[in-house]
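Here the structure comes first, spelled out in structure tokens, and everything after it is commentary.
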Amino acid sequence: MVIPFRGDLHNHTFLSPCGDIEMTPRFIINTAKERGYTIIGISDHNSTRQCEEIYHLGQEEGVLVLCGSEICTKEEVHCLAFVDGFYKLGQLQEYLTKYLPPIPNIPDKFGYQFWVNREEEIVGEEEFLLISALEQSIDEVEKFVHSLGGIFIPAHIDKSKYSVLSQLGFIPFDLEVDSLEVSKRCDLQSFVAENKYLTRYNYIHSSDAHYPEDFAKTACDFYLESLSFSEIKKALRGEDGRYVKIL
């Protein structure tokens, strides 16, 4: 029997240069728990380095953290990518490091790129600008993520910037997606009615939270038999009676 688990898969920490300094591991997990969320995705721009600390905190508080990144492809399409386990997370980080252009970050212009421990002590700093586009196409990113058994979701496809529709004008017919994400303000029924070829896809919506006031304010219910990465992937794909309901 499937039961609902509340979640939001698109959230930034202050590792992202555009993320607020208050988006710390403890804030994210404590707030998620207080508001009844049991699934939280961590998706900083082109980096996974804050994921592990948040994952461990989530385990202690009964919140499942999906570890991954919001990847910007060379077409400047934003895509959510999540993997299962720290070994695969390390492989994803190696991929991001390899293909991120070596453009130095300018903190006074773009923001700091720190990651921290649970006491909010700085552990490290990303040297290169994380909001750059990777030197990889959307097809190459999708294939790599799925080679790790991961989840691949084109982000906020209804937006006029940094979405697969704004950048390419269409979704490539051979692009394997686990779901599509729309932004929190999108009227999904009207959006799909205007783009009838998109009716065959499954959808989530997310907060894309960068600031505390936006966090845990947008949700989907994931109908699962148990709380796990594999069950979430089935729900996103609408498989074996698992599914996602947009709230």
Selected residue (only one of Ser190, Ser132, Ser160 is part of a loop (DSSP other than H, G, I, E, B) and free of Cβ contacts under 8 Å to residues at least 24 places away in the same chain): Ser160
Qualifying residue in region 197-208 (condition: over 18 Å from Asn11 (Cβ atoms) and in a helix (DSSP H, G or I)): yes
Checklist (1) in contact with a strand residue (DSSP E or B) (Cβ under 9 Å, 6 or more places away or on another chain); (2) in contact (Cβ under 8 Å) with a residue 40 or more places away in the chain; (3) of a type outside the set (Gly, Ala, Ser); (4) over 18 Å from Ile232 (Cα atoms) applied to Thr31, failing item: (1)
Residues (within 14 Å of the chain's Cα centre (by Cα) and not in a helix (DSSP H, G or I)) located in region 32-58: Ile39, Ile40, Gly41, Ile42, Ser43, Asp44, His45, Asn46, Ser47, Thr48, Arg49, Gln50
Residue that is at negative phi and either of a type in the set (Asp, Glu) or out of contact with any Gly (no Cβ under 8 Å at 6 or more places or on another chain) (or both), where the choices are Asp214, Asp208: Asp214
Residue match in region 66-75 (condition: touching a helix residue (DSSP H, G or I) at 6+ places or on another chain (Cβ under 6 Å) and hydrophobic (A, V, I, L, M, F, W, C)): yes
Long-range neighbours under 6 Å by Cβ, at least six apart or interchain, first residue outside any loop (DSSP other than H, G, I, E, B) within region 73-100, second surrounded by 15 or more Cβ atoms within 10 Å (Cβ to Cβ) and among the acidic types (Asp, Glu): His78/Glu70; Leu80/Glu70
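For (1) assigned to a loop (DSSP other than H, G, I, E, B); (2) modelled with pLDDT under 95; (3) touching a Cys at 6+ places or on another chain (Cβ under 7 Å); (4) closer than 21 Å to Tyr201 by Cα, each residue gets a yes or a no:
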position: Asp139; (1), (2), (3), (4): no, no, no, yes
position: Glu142; (1), (2), (3), (4): no, no, no, yes
position: Gly149; (1), (2), (3), (4): yes, no, no, yes
position: Ile153; (1), (2), (3), (4): no, no, yes, yes
position: Leu175; (1), (2), (3), (4): yes, no, no, yes
position: Glu181; (1), (2), (3), (4): no, no, no, yes
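The values are calculated or read from the model by the stated rules, or taken from the named source; none is laboratory data. Please read all numbers here as calculations on a predicted model, not as lab measurements. Positions of Cβ are backbone-derived with ideal geometry, glycine not excepted, and every protein chain shown enters the neighbour counts.
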